[in-house]
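Notes follow the structure.
The values are calculated or read from the model by the stated rules, or taken from the named source; none is laboratory data. Predicted model, so just to flag it, every value in this text is computed and none were measured. Neighbour counts run over all protein chains shown; Cβ positions are idealised from the backbone, glycine included.
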Amino acid sequence: MHFFTKKTLSIFCGLAMLVSVIHFHPLSVQADPTESVTDRIYGNTQYDTAVEISKKGWDYAPVAVLATGRNFPDALTGSVLAHKVNGPLLLTESDHLTPAVSAELKRLGTQEVYLLGGTVALNSGIEQSLKDQGILPRRLAGWDQYGTAAAIAGVATPSSTQAFLVNGEHFADALSISSYAAAQGIPILLTRSDSLPAETATALAQMGVQNVTLVGGTAVIKDSITEQLGKLPQPVKVTARYAGYDQYETNTTVLNQLGFETSKVYVATGENFPDALAGAALAAKDKAPILLLPHAQLGASTTTYLNQKRTSGSAFTIFGGWGVINYKLESIVRTGVIQSRISLQYTQGSVQGMLNQVQSIPSPATDYADLIAPSWYYLDDTADGNVTGGWDTGTGDYSKFTAAAHSRNLKVLPVIQSSWDSGKTVDTVLASDTARAKLESQIIQRIQRTNSDGIVIDFELMSTATGPNLTQFMKELYAQLHPLNKLVIEAVMARTGSETWLGEFDYHALAQYVDYLHIMTYDYSHSAPGPLAPLDWSSKVLQYTRGQGVDMHKVLLGLPYYGVDWWTTDTGTNPTYKRRSGGMAELLALAKGPVQRDSSQIPYFNYTDASGTHTVYFDDAQSWNAKLGLLNQYNLGGVGAWSLIWTQNPTSSNAIFPLLKQYLR
């Protein structure tokens, strides 16, 4: 992005304002306007995630439920109780009340808390901490998880003709049924695989249960349990069994068989219990299901369920950060593509101009884009690590933009660029531990303040000697942002290995500390007419990258949406050119004669007017198609496209967006 600098900011802003008034005609590539909105509720730990879930669902809760976040058995059936008392299910350490939970109880105005499990699960010190806050603790516990589940059911559903029965040694089946059971006020009780615990039998009798539904196959609840239920003094009949070949198929069987409201679908990992357990209380408020995901490839039943709900317009909310449900799995939830490539789309210009650029993406936007990178920030020339923003006079504009992108289910990763007034700024900042720390702190603060989803680092003007400091900076920043579930992308200048410069960009080292490495394979011709991204040059860059041992799935191919009109009045052998950038449609309109193609299939033409002799190079559907073919050739992670300001004309949009969908989706 190095031709867009602070010095030219006002020019581009003006251009963006002009473009922003273009009337947008319906694009021929538009699909169904209904988009599957995906939200994520998360914290740095499972305890923080439970608190964030509580904040999402409750402004006031006189009664809350508290369980350990360390082990599942005692907490497994707590969602039914939480729904009964209309409060959240919070998680804490076993040996002390987590400060975040203490603060949340204060926010909620909680006066009473049910503790699930004995003093091994939640020790007596937690009771005292609650009392110190003026909160009455009530403990529900049994000798083991079966007794605890019975005690919980006795309070939550003292009378019920039906119940769900799940294996007490495995958490997934209980999580599958938890939000439905809570919403319907049906108790969940636990059993061993081959023997019905006495505590469970007693609870069934005391509640007056006549019918039970088994959740899980015969590997987790054997048929002998049915026989034992039928032989109780008050016989209980098994009326149904929801089961699949594993916990994930069992999960989708439950979700398909029962009457959930599916305008919202909550998603959690099936590999651990805390997020789904805390989330079940929130899902129950919406009578919504919780879909469980594995850590890797989805099974057929899960994929089918996601596709059906996405098509019907369900909105998805993910519980937990990227450590439990990574970005690739989120991409599957959003788009249905199992191995989708990333589409990083840059924006530039004024507030309204950038908003228009985001809105110009056809619907659903996730067919064409994943990440939006607005050009917001740059290093201040004080060279002390201070960050300056182009919209700092109206700081609310940042959040306005982020909200607009999020409403289209797109993530926002603002760009921070290096200073172009002084080549020493980046060198000075990155060489100083103090300045680096300040820079990292300001980046994190700005991401959090604007509710952004990560950052794109675009430091270009620096000396070769700064290379190790750049790598150290990325290492430090990545270590701080990833625990916050923020993406880190670095934009690097394109190298073929034959240059005598650009040694500051150590591709292999930098790739260790980013989610994606955006290699800016454009602006090849700058001071004289020529292609912006010739195919053979781009291929050489990728060959060099692969030869450096970079994981090519992390690499984003630079894709130019712009072309350049060069002109000169010189007639000598070494003329000096002026240049201006433009989009495909705008530049093509200047052609007064035939348009030719070079060996990379890139179109170009010449014309003459009063300002001089012009040579124009740009990209169109044919040359973009050739470039995008490199994605498969080198197994790349996606594209980084500069920039949406050049694609707002319908002619340009209709050329590029179908190709993005074809190659990325």
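Of the residues 500, 496, which single one is closer than 22 Å to residue 598 by Cα, in the same structural domain as residue 445 (by TED's automatic domain parsing) and in a loop (DSSP other than H, G, I, E, B)? It would help to see each step written out before you state the result.
Working: 500 fails: closer than 22 Å to residue 598 by Cα.
Step by step, each of 500, 496 is checked, and only 496 is closer than 22 Å to residue 598 by Cα, in the same structural domain as residue 445 (by TED's automatic domain parsing) and in a loop (DSSP other than H, G, I, E, B).
Among the residues of the range 170-196, count how many are in a loop (DSSP other than H, G, I, E, B) and either touching a residue at least 60 places away in the same chain (Cβ under 8 Å) or over 20 Å from residue 71 (Cα atoms) (or both). So that I can check it myself, show each step before the final result.
If we filter the range 170-196 for residues that are in a loop (DSSP other than H, G, I, E, B), which is where we start, we get 170-171, 185-187, 192-196.
This time we only want the ones that are either touching a residue at least 60 places away in the same chain (Cβ under 8 Å) or over 20 Å from residue 71 (Cα atoms) (or both), so: 170-171, 185-187, 194-196.
Residues that pass the stated criteria total 8.
Mind listing just one residue for me: the one in the range 586-608 that is among the polar types (S, T, N, Q) and surrounded by 12 or more Cβ atoms within 10 Å (Cβ to Cβ) and, of those, farthest from residue 626 (Cα to Cα)?
Looking only at the range 586-608, we keep the residues that are among the polar types (S, T, N, Q), and these are 596, 599-601, 606, 608.
In the following step, the residues that additionally are surrounded by 12 or more Cβ atoms within 10 Å (Cβ to Cβ) were identified as 600-601, 606.
Working: 600: 8, 601: 7, 606: 23 Å.
Taking the candidates together, the pick is 606.
Is there a residue being crowded, with 17+ Cβ neighbours inside 10 Å, in a strand (DSSP E or B) and under 43 Å from the mean Cα position of the chain (by Cα) anywhere in the range 203-213? Talk me through it step by step, then tell me what you get.
First, the residues of the range 203-213 that are crowded, with 17+ Cβ neighbours inside 10 Å: 203-204, 207, 209, 212-213.
From what's left, in a strand (DSSP E or B): 212-213.
Those left that are additionally under 43 Å from the mean Cα position of the chain (by Cα): 212-213.
Within the range 203-213, one or more residues are crowded, with 17+ Cβ neighbours inside 10 Å, in a strand (DSSP E or B) and under 43 Å from the mean Cα position of the chain (by Cα).
When residues of the range 226-249 are filtered for being closer than 11 Å to residue 196 by Cβ and either in contact with a Leu (Cβ under 6 Å, 6 or more places away or on another chain) or part of a loop (DSSP other than H, G, I, E, B) (or both), how many remain? Write out each step before concluding.
Within the range 226-249, the subset closer than 11 Å to residue 196 by Cβ is 226-232, 236.
Subset that is either in contact with a Leu (Cβ under 6 Å, 6 or more places away or on another chain) or part of a loop (DSSP other than H, G, I, E, B) (or both): 228, 231-232, 236.
Qualifying residue count for the region: 4.
Residue 498 - would you say it is surrounded by fewer than 15 Cβ atoms within 10 Å (Cβ to Cβ), without any contact (Cβ under 8 Å) to a residue 60 or more places away in the chain and among the small types (Gly, Ala, Ser)? Break it down stepwise before answering.
Numbers: surrounded by fewer than 15 Cβ atoms within 10 Å (Cβ to Cβ): yes; without any contact (Cβ under 8 Å) to a residue 60 or more places away in the chain: yes; among the small types (Gly, Ala, Ser): yes.
Considered against the rule, which asks whether it is surrounded by fewer than 15 Cβ atoms within 10 Å (Cβ to Cβ), without any contact (Cβ under 8 Å) to a residue 60 or more places away in the chain and among the small types (Gly, Ala, Ser), residue 498 comes out as yes.
Consider residue 449 against the criteria (1) farther than 19 Å from residue 45 by Cα; (2) crowded, with 20+ Cβ neighbours inside 10 Å: it satisfies all of them except one. Which criterion is unmet?
Among (1) farther than 19 Å from residue 45 by Cα; (2) crowded, with 20+ Cβ neighbours inside 10 Å, the lone unmet condition for residue 449 is (2).
Which condition does residue 100 not pass, out of (1) surrounded by fewer than 24 Cβ atoms within 10 Å (Cβ to Cβ); (2) not in a helix (DSSP H, G or I), if it passes all the others?
Of the numbered conditions (1) surrounded by fewer than 24 Cβ atoms within 10 Å (Cβ to Cβ); (2) not in a helix (DSSP H, G or I), the odd one out for residue 100 is (2).
Checking the condition polar (S, T, N, Q) and farther than 27 Å from residue 51 by Cβ, which residue from 326, 272, 307 passes? Outline the logic, then answer.
Numbers: 326 fails: farther than 27 Å from residue 51 by Cβ; 272 fails: farther than 27 Å from residue 51 by Cβ.
Of 326, 272, 307, the one residue that is polar (S, T, N, Q) and farther than 27 Å from residue 51 by Cβ is 307.
Kindly indicate the residue of the range 484-519 that is at positive phi and not small (Gly, Ala, Ser) and also nearest to the chain's Cα centre (by Cα) among those meeting that condition.
So in the range 484-519, the residues at positive phi come out as 485, 497, 502.
Filter once more, so that each one left must be not small (Gly, Ala, Ser): 485, 502.
Values: 485: 8, 502: 32 Å.
Taking the candidates together, the pick is 485.
For the range 299-324, give me each residue that is farther than 20 Å from residue 263 by Cα, modelled with pLDDT of 90 or more and among the hydrophobic types (A, V, I, L, M, F, W, C).
Correct list: 300 only.
Quick check on my filter: what residues within the range 143-169 are part of a loop (DSSP other than H, G, I, E, B) and at pLDDT 95 or above? So that I can check it myself, show each step before the final result.
At the first step, the residues of the range 143-169 found to be part of a loop (DSSP other than H, G, I, E, B) are 143-144, 157-161, 168-169.
If the condition is that a residue be part of a loop (DSSP other than H, G, I, E, B) and at pLDDT 95 or above, then 157, 158, 159, 160, 161 are the ones that fit.
Would a scan of the range 358-370 turn up a residue that is touching a Gly at 6+ places or on another chain (Cβ under 9 Å) and at pLDDT below 95?
Taking every residue of the range 358-370 in turn, at least one turns out to be touching a Gly at 6+ places or on another chain (Cβ under 9 Å) and at pLDDT below 95.
Checking residue 481 against (1) at pLDDT 95 or above; (2) assigned to a helix (DSSP H, G or I): exactly one of these is not met. Which one?
Exception for residue 481: condition (1).
What about residue 428, is it over 16 Å from residue 491 (Cβ atoms) and within 17 Å of the chain's Cα centre (by Cα)?
On the way: over 16 Å from residue 491 (Cβ atoms): yes; within 17 Å of the chain's Cα centre (by Cα): no.
So residue 428 fails the test.
Hey, any hits in the range 330-351 for a residue that's more than 17 Å from the chain's Cα centre (by Cα) and surrounded by fewer than 19 Cβ atoms within 10 Å (Cβ to Cβ)?
No.
Being touching a His at 6+ places or on another chain (Cβ under 6 Å), surrounded by 24 or more Cβ atoms within 10 Å (Cβ to Cβ) and in contact (Cβ under 8 Å) with a residue 12 or more places away in the chain: is that true of residue 149 here?
Numbers: touching a His at 6+ places or on another chain (Cβ under 6 Å): no; surrounded by 24 or more Cβ atoms within 10 Å (Cβ to Cβ): yes; in contact (Cβ under 8 Å) with a residue 12 or more places away in the chain: yes.
When the stated conditions are applied, residue 149 does not pass them.
Could you check the range 257-342 for helices (runs of 4 or more DSSP H) lying wholly inside it with 3 or more residues that are at negative phi and free of Cβ contacts under 8 Å to residues at least 40 places away in the same chain? Before you say what the answer is, go through the steps one by one.
On the way: elements: 274-285, 300-311, 327-335.
Per the criteria, 300-311, 327-335.
Within the range 600-639, how many residues turn out to be in contact with a helix residue (DSSP H, G or I) (Cβ under 8 Å, 6 or more places away or on another chain), of a type in the set (A, V, I, L, M) and under 22 Å from residue 580 (Cβ atoms)?
Total meeting the criteria: 2.
Can you name the residue in the range 103-122 that is crowded, with 16+ Cβ neighbours inside 10 Å and within 15 Å of residue 74 (Cα to Cα) and is also farthest from the chain's Cα centre (by Cα) among such residues?
Ranking the qualifying residues of the range 103-122, first place goes to 118.
In this structure, does residue 265 turn out to be surrounded by 15 or more Cβ atoms within 10 Å (Cβ to Cβ) and more than 35 Å from the chain's Cα centre (by Cα)? Lay out the reasoning, then the answer.
On the way: surrounded by 15 or more Cβ atoms within 10 Å (Cβ to Cβ): yes; more than 35 Å from the chain's Cα centre (by Cα): no.
The answer is no for residue 265.
If we keep just the residues of the range 407-431 that are surrounded by fewer than 16 Cβ atoms within 10 Å (Cβ to Cβ) and of a type in the set (S, T, N, Q), which is modelled with the highest pLDDT?
Looking at residues that are surrounded by fewer than 16 Cβ atoms within 10 Å (Cβ to Cβ) and of a type in the set (S, T, N, Q), I get 407.
Residues that are in the same structural domain as residue 124 (by TED's automatic domain parsing), modelled with pLDDT of 90 or more and over 24 Å from residue 407 (Cα atoms): which helices (runs of 4 or more DSSP H) entirely in the range 1-88 hold 1 or more of them?
Details: elements: 9-20, 46-57, 78-85.
Here the list reads 46-57, 78-85.
Of the numbered conditions (1) in contact with a strand residue (DSSP E or B) (Cβ under 9 Å, 6 or more places away or on another chain); (2) farther than 20 Å from residue 99 by Cα, residue 160 fails exactly one; give the number of that condition.
(1)
Considering only the range 557-577, I want to know if a residue exists there that is farther than 27 Å from residue 456 by Cβ, charged (D, E, K, R), in contact with a His (Cβ under 9 Å, 6 or more places away or on another chain) and touching a residue at least 24 places away in the same chain (Cβ under 8 Å).
Going through the range 557-577, the residues farther than 27 Å from residue 456 by Cβ turn out to be 565-577.
Filter again for charged (D, E, K, R), leaving 565, 570.
Within this subset, residues satisfying the condition of being in contact with a His (Cβ under 9 Å, 6 or more places away or on another chain) are 565.
This time we only want the ones that are touching a residue at least 24 places away in the same chain (Cβ under 8 Å), so: 565.
Taking every residue of the range 557-577 in turn, at least one turns out to be farther than 27 Å from residue 456 by Cβ, charged (D, E, K, R), in contact with a His (Cβ under 9 Å, 6 or more places away or on another chain) and touching a residue at least 24 places away in the same chain (Cβ under 8 Å).
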